[in-house]
Structure formats: structure tokens, C-alpha cells
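To start, the structure under review is shown below, and the notes come after it.
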Amino acid sequence: PVVKPEGEQLEAAEIFTRLADALGLVPEIPEALQKAAESGDRLRLGAELMTFIGENPGAGRSMQYILAKTLGRSLGSVNQASLWARMATLPPWAQEKAIRAGFTPGTALGDDMFQAIIDAPGGLIVGSVDPDEWDHFKVISTEDGRINLDVPEMIEWLGEIEPALEQEALKADGDEYPLIMSSGLHMDGNANSQMRDPAWNEGKKYHWFRMHPDDAAKQGLEDGDMVRVITEAGQERIELKTDATTRPGYALMPHGFGLVHQGKKYGANANRLSKNTHRDRLAGTPLHRYIRCRVEPIGE
């Protein structure tokens with residue numbers, strides 16, 4: 001690593017809990033819950049939690065944070081507290097599978113499962129089904145017993161999935177940017193833009209812009225030429241590598257390069273070619289594997 005870690009290392013769940021607490025999203029936790037957590041008796045804590053939620057129904061939405069600040073503190077792990085809650089609230093059909101796997105039925109079933117998981121870092125079987133009787137559809141919890149794929153945010157989007165519309169969409173910007181680029185290519189030499197001393201790649205060559213020889217020839221380009229890759233978002237300078245295994249009309253550029261170390265830039269940054277508005281409608285992440293681009297030679 002470029003820098004040494006400082007201070008206590010925290011679980012991501014602990015960080016989120018602290019953020020939620022600072023934002024005022026965590027309700028005041030009664031002393032009874034704190035004492036139950038400190039007692040080490042998790043069944044007692046479970047009973048106190050049920051009482052608390054019964055008296056404060058709105059607090060249920062913050063249960064993960066409440067567990068983090070009670071059981072998470074006594075266990076020394078917010079993640080373990082979350083796992084305990086999942087085991088303690090298993091639905092009846094899941095409890096049946098746990099009992100079949102050897103766990104003792106009763107109010108302590110979930111707690112026993114949690115402890116067994118903690119005590120077996122190498123893994124263990126926590127449930128078993130009878131293949132002759134098991135029916136996945138019986139455990140679907142929707143009112144109509146069906147898997148509902150009607151996502152309101154996607155209705156209009158799904159209507160666009162027609163061959164004719166897809167063909168037209170693929171032609172968009174084709175004149176200005178004739179190639180489709182994938183800005184991300186996994187190799188031994190890239191590191192997902194993590195901060196690394198470039199010396200770890202010294203003497204190795206991984207950084208090229210790959211395209212089919214026929215595409216390169218159309219533009220008078222040859223293997224080893226320095227080229228400028230241009231997209232709607234920006235442009236980067238990089239060495240060309242012709243590769244017959246690359247699909248014609250397609251190009252690939254490795255990620256994890258283009259970082260500046262001690263004032264010097266090493267390679268080209270694929271992320272600078274990704275337009276922030278050219279992104280997945282739901283996830284919001286750029287469409288790194290479909291970027292329109294053009295390639296131009298860099299004169300001497």
C-alpha cells in the first residue's frame with residue numbers, strides 16, 4: 001500500500017451505524033436493552049427487543065442500528081449482531097429445515113444456529129430439505145403466490161425492448177464515434193484504480209488499446225502506433241495493439257491505469273472516457289462496457 005492504515009479498522013456496518021447515528025436516524029435506546037445486551041443473555045435481549053418494538057412500532061425501521069449499538073457492542077461486531085437477528089427471526093419453513101439438519105427446536109433455535117455458525121469458521125450445514133417433498137413455490141411470500149416481476153420503474157424501459165428500436169439505438173452517434181469500446185479489461189497488470197506504486201508493474205507491458213487489425217487498417221493505423229481515443233466524455237492517449245481476437249467494430253481498454261504518482265501519469269485512464277450521463281437507469285453506474293468512440297493517430 002502507498003500509505004499505512006491509521007487507527008482502528010472498522011466494519012463497513014459499523015461505519016454506516018455511526019453515520020446514521022450522527023444523522024439522527026437512530027432512536028434513543030432504553031437502558032433495559034443496553035443491560036440485556038451487556039448480560040450476555042441473547043434470549044433476554046430478544047425478549048426486551050420484542051417489548052421495545054411493541055411499544056415503539058416505528059423503531060422497527062431502525063432495528064439494524066439498534067442491534068448495532070446494543071448486541072453489536074457486546075459481541076464486538078455489528079455484522080455478527082445482524083447475523084444473530086436473521087437467525088432469531090427465521091420463518092417457520094426455514095426453522096423446519098434447520099431442525100432437519102440437527103438443530104433442537106424451541107425458542108433458542110435461532111440463537112443456537114448463530115452460535116454454531118460463529119464456532120465453525122470453516123462452514124457448516126444449517127438446513128436440509130426432503131427433496132421428495134420440497135416445493136420452492138410454497139415459500140413464496142407474495143399474496144398471490146407468484147413471483148412478481150412488475151417493477152414500475154422499468155415498465156417504460158421494457159417497452160423499448162424491440163428489435164427495430166434496438167437497431168436504431170445501436171446506430172446512434174455511429175458516424176462520429178464508429179467504434180464501441182469496453183472501458184475495462186481484466187489482466188494481471190491492472191488493479192481497479194487502487195493507489196499503488198507503479199513500480200509493481202515495472203518491466204511489464206499490459207497497457208494497450210486493443211482493436212481488430214481490419215479496423216486499424218481502415219484508418220491507416222498499425223500495431224504499436226500512439227493513438228488518441230476520443231469519446232463524448234473526453235480523450236486519452238494510448239498505444240495501439242491490433243488483435244485479431246477482438247471483434248471487428250469493437251475495442252478494449254484496460255482499467256486501473258492513468259493514475260498520477262509523484263507528478264507523473266502512468267498510462268491512460270479509462271474512467272475519463274466514461275460519460276456520467278451515459279449510465280444504467282436504475283443503478284446509476286456508467287455503461288463502461290458500451291462506449292462509443294473514435295480513434296485518431298497522433299502525429300510525430
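Below are the figures for this structure:
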read-out: Enumeration of residues in region 27-41 that are closer than 19 Å to GLY76 by Cα and either among the hydroxyl-bearing types (Ser, Thr, Tyr) or assigned to a loop (DSSP other than H, G, I, E, B) (or both); value: ILE29, SER39, GLY40, ASP41
read-out: Residue pairs meeting the criteria (Cβ under 6 Å; at least 6 apart or on separate chains; first touching a residue at least 12 places away in the same chain (Cβ under 8 Å), in region 123-141; second aromatic (Phe, Trp, Tyr)); value: VAL139/TRP93
read-out: Among residues of region 142-160, those that are more than 26 Å from the chain's Cα centre (by Cα) and not acidic (Asp, Glu), counted; value: 4
read-out: Selected residue [in contact with a helix residue (DSSP H, G or I) (Cβ under 9 Å, 6 or more places away or on another chain), of a type outside the set (D, E, K, R) and in contact (Cβ under 8 Å) with a residue 24 or more places away in the chain] from MET113, MET63; value: MET113
read-out: Exclusive hit being surrounded by fewer than 16 Cβ atoms within 10 Å (Cβ to Cβ), on the phi < 0 side of the Ramachandran plot and in contact (Cβ under 8 Å) with a residue 12 or more places away in the chain, set TRP84, TRP93; value: TRP93
read-out: Every pair of residues 6+ apart whose Cβ atoms lie under 8 Å, when the first sits in region 235-250 and is assigned by TED's automatic domain parsing to the domain that holds PHE209 while the second is assigned to a strand (DSSP E or B) and small (Gly, Ala, Ser); value: TYR250/SER182
read-out: Residue selected from region 151-181 under the condition among the charged types (D, E, K, R) and over 19 Å from LEU287 (Cα atoms), by the criterion modelled with the lowest pLDDT; value: GLU156
read-out: Residue in region 114-137 that is outside any loop (DSSP other than H, G, I, E, B), under 30 Å from LEU43 (Cβ atoms) and among the aromatic types (Phe, Trp, Tyr) present; value: yes
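The values are calculated or read from the model by the stated rules, or taken from the named source; none is laboratory data. Being a predicted model, the structure only gives us computed values, none of them experimental. With ideal geometry, Cβ positions are generated from the backbone for all residues, glycine too; neighbour counts draw on all protein chains shown.
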